[in-house]
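Report on the structure given below.
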Amino acid sequence: MNLSQELPHPLDRRSFMASAAKTFLGVNVLSNVLVGAGGEDRKIPFRKKPAKKVIYLYMAGGMSHLDTFDPKPEAPSEIKGNLSSIRTSADGVRVSEYLPNIAKHMDKVAVVNSLHSKTGAHEQARYLMKTNYSKRGTIKHPHMGAWLLKYEDRINQQLPGFVSIASGSKEAGAGFFGVNCQPLIIGKPEAGLQNSKHFTGISDTEFMRRRKLSERIDQKFHAKYKDKNANAYTAIYEEAVTLMKSSDLKVFDISQENQSLRERYGEHAFGQGCLLARRLSESGVRSVEVQLGGWDTHQDNFQRVQSNAAILDQALSALLDDLHASGMLEETLVVLTTEFGRTPKINQNAGRDHYPKAFSALLAGGGVKGGYVHGKTDNKGTEPVDDPVTIADFNATIAYGCGLPLDQRLFTKNARPFTVANHGDPVMQLFS
């Protein structure tokens, strides 16, 4: 990437170079040479007003595109079942009848109906969607939220830069970026941040006395062994102490919201997770992921999708309502995605099976063009026929929306180069 053309202000160039230099993991930066500073120059410009934050909503299990955002009302019954589609607030855009509240917000949303992949196994497909790289046994790649945090740093230094809600500890995280980009994992949003206070009977004074003693012991160990894993452990501990003492700790307590608002998001883990995500984003957390499982509908597809869609419909519409009303939607990119779609033809168990050849995702806020549908599948939803989008393209679009340098190469300690886009091209038409 030609930095002199893409970054016109000297201060911007200096800041970018400094940020990039800090991210070279294990690669030396000489006094006058930035090793591996750029990848192939595709002349993709930086966004003038990128999104500052991301709320990433992940539909685990493989959300059916035909029964949500790519309905086929004219298809035969073995494809569409008895499901009908409804009009939305965006002219010409229709969604499943299961999503009546989201339908009212489609003027704020861009739909991508031409996603496709070759990966049809849950674990591998989920990893690919979240990291933009295929799963390998020899390396752990960073989650898209970790890439954002690596380049942009924290907004609020008292809070984690990346929080993952109801996603589990085995999901993609910081990868080779290390602990500074590791997500804080919240299991149950209504329970808040657990273990964030001293043991009963331990005063602040006693706690800090013990902490200082621990630091003195650690200093001797670090001086003697200079172990990176030990340093990482110390960094995590220091961050935990900072958070425990922060006045912003209360942001994790959604019980502070009035009951009517909590009910509007839905009295289920995903709804309360979206409410917590909104609170965290308001308080300066760069990236928040919230996961909704249950989309693996090999049996009883329509009953299970209807149940899950009701949860999604309530929570996402409340989230978009609040972000729009507060003006936060302009600086917050909301992403809704999944690992693959479901088979167009209904199986013998009234279900739909894994289907990576076609699926849907949404983007809203952060300068995204509302009321827009990108791409099209054929009349049975079997494959894209217009404007196909790969997973790499979709993730490149997220990165572009956040103003990240798509061709900037970062290196692991083994000097292996990676880019956030992984050769994907951003879908520029999705932005206004």
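The values are calculated or read from the model by the stated rules, or taken from the named source; none is laboratory data. None of the values given here were measured: they were computed from a predicted structure. Glycine gets a Cβ as well: all are built from the backbone with ideal geometry, and neighbour counts include every protein chain shown.
Numbers below:
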read-out	value
All positions within segment 48-91 that are part of a loop (DSSP other than H, G, I, E, B) and closer than 22 Å to G367 by Cβ	K48, K49, P50, A51, K52, F69, T88, S89, A90, D91
Test for I311: is it of a type in the set (A, V, I, L, M, F, W, C) and surrounded by fewer than 19 Cβ atoms within 10 Å (Cβ to Cβ)	yes
Qualifying residue in segment 364-383 (condition: in contact with a Cys (Cβ under 9 Å, 6 or more places away or on another chain), part of a loop (DSSP other than H, G, I, E, B) and either outside the structural domain of Q299 (by TED's automatic domain parsing) or of a type in the set (G, A, S) (or both))	yes
Every pair of residues 6+ apart whose Cβ atoms lie under 7 Å, when the first sits in segment 115-131 and is farther than 10 Å from A392 by Cα while the second is among the aromatic types (F, W, Y) and assigned to a loop (DSSP other than H, G, I, E, B)	G120/F340; A125/F340
Residues within segment 111-157 that are in a helix (DSSP H, G or I), of a type in the set (G, A, S) and in contact with an Asp or Glu (Cβ under 8 Å, 6 or more places away or on another chain), tallied	2
Answer residue from segment 92-110, given it is part of a loop (DSSP other than H, G, I, E, B) and under 23 Å from the mean Cα position of the chain (by Cα) and is surrounded by the most Cβ atoms within 10 Å (Cβ to Cβ) among those	L99
Residues that are in a helix (DSSP H, G or I) and aromatic (F, W, Y), drawn from segment 158-177	F176, F177
Search result, residues across segment 38-89 that are within 30 Å of E152 (Cβ to Cβ) and in contact with a strand residue (DSSP E or B) (Cβ under 6 Å, 6 or more places away or on another chain)	A51, K53, V54, I55, Y56, L57, Y58, M59, A60, M63, F69
So G271, is it in contact with a His (Cβ under 6 Å, 6 or more places away or on another chain), modelled with pLDDT of 95 or more and crowded, with 23+ Cβ neighbours inside 10 Å	no
Within segment 384-424, considering residues that are of a type in the set (D, E) and assigned to a loop (DSSP other than H, G, I, E, B), the one modelled with the lowest pLDDT	D407
Residue match in segment 76-86 (condition: in contact with a Phe, Trp or Tyr (Cβ under 6 Å, 6 or more places away or on another chain) and either under 22 Å from D386 (Cα atoms) or in the same structural domain as V373 (by TED's automatic domain parsing) (or both))	yes
Filtered residues of segment 393-432 (kept if basic (K, R) and within 17 Å of the chain's Cα centre (by Cα))	none
Candidates Y151, Y127, filtered to the one that is within 30 Å of Q408 (Cβ to Cβ), crowded, with 19+ Cβ neighbours inside 10 Å and touching a Leu at 6+ places or on another chain (Cβ under 7 Å)	Y151
Which listed residue, of V288, V305, is touching a Ser or Thr at 6+ places or on another chain (Cβ under 8 Å), in the same structural domain as T338 (by TED's automatic domain parsing) and assigned to a helix (DSSP H, G or I)	V305
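So that you can scan it fast, the table gives a plain yes or no per residue for (1) over 20 Å from the mean Cα position of the chain (by Cα); (2) under 14 Å from I186 (Cβ atoms); (3) touching a residue at least 24 places away in the same chain (Cβ under 8 Å):
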{"residue": "N258", "(1), (2), (3)": "yes, no, no"}
{"residue": "G266", "(1), (2), (3)": "yes, no, yes"}
{"residue": "L276", "(1), (2), (3)": "no, yes, yes"}
{"residue": "R286", "(1), (2), (3)": "no, no, yes"}
{"residue": "E289", "(1), (2), (3)": "no, yes, yes"}
{"residue": "G294", "(1), (2), (3)": "no, no, yes"}
